[in-house]
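First comes the structure, then the notes that go with it.
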């Protein structure tokens, strides 16, 4: 666990990307999101990109100890309730040392009941989506196309500006 925390701190302090972590990156070419396969911890089902077709999806790469992630989830929940769940949320926990029971408890405390949670213990999603930072958000439209990669702490206005065009 200590080694993983040191790794996260090093990634944040010494990022390998030339792009500043505070920038909102928009995929202007609207690339198709890579397909994936994850097990939903609570429901025991396999989640794939096709699971979420028909509604936009926000994937959040997180851990149970990411404080900025918690603040963002609270804002996301407010927006989610306002638009009556017109998009899907997938929380992807990237620390292989976290217990499934701790992840489920975290979800009960900070997320909506119908949000999905999965553990990326082998880091396949991190590699597939080239995630470099904790609290990375990837927004995929209802047709499976990546629309945004966001690295900032979520605020209500930020969420609204990214998701409103996709759910209207």
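Here are the numbers:
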{"quantity": "Those residues of the stretch 39-64 which are out of contact with any strand residue (DSSP E or B) (no Cβ under 7 Å at 6 or more places or on another chain) and closer than 18 Å to residue 148 by Cα, in sequence order", "calculated": "49, 53, 54"}
{"quantity": "Residues within the stretch 107-120 that are outside any loop (DSSP other than H, G, I, E, B) and either at pLDDT below 95 or surrounded by 14 or more Cβ atoms within 10 Å (Cβ to Cβ) (or both), tallied", "calculated": "6"}
{"quantity": "Residue 90 without any contact (Cβ under 8 Å) to a residue 60 or more places away in the chain, buried (at least 22 other Cβ atoms within 10 Å of the Cβ) and not in a loop (DSSP other than H, G, I, E, B)", "calculated": "yes"}
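Residue-wise test of (1) in contact with a strand residue (DSSP E or B) (Cβ under 7 Å, 6 or more places away or on another chain); (2) surrounded by fewer than 20 Cβ atoms within 10 Å (Cβ to Cβ); (3) assigned to a helix (DSSP H, G or I).
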residue: 122; (1), (2), (3): no, yes, no
residue: 125; (1), (2), (3): yes, no, yes
residue: 132; (1), (2), (3): no, yes, no
residue: 139; (1), (2), (3): yes, no, no
residue: 143; (1), (2), (3): no, yes, no
residue: 153; (1), (2), (3): no, yes, no
residue: 157; (1), (2), (3): no, yes, yes
residue: 161; (1), (2), (3): no, yes, yes
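Listed here are the residues, each with its yes/no results for (1) part of a strand (DSSP E or B); (2) surrounded by fewer than 12 Cβ atoms within 10 Å (Cβ to Cβ); (3) modelled with pLDDT under 95.
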position: 3; (1), (2), (3): no, yes, yes
position: 12; (1), (2), (3): no, no, yes
position: 21; (1), (2), (3): no, no, yes
position: 105; (1), (2), (3): no, no, no
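The values are calculated or read from the model by the stated rules, or taken from the named source; none is laboratory data. None of the values given here were measured: they were computed from a predicted structure. Heads up, the Cβs are rebuilt from the backbone with ideal geometry, glycines too, and the neighbour counts pull from every protein chain shown.
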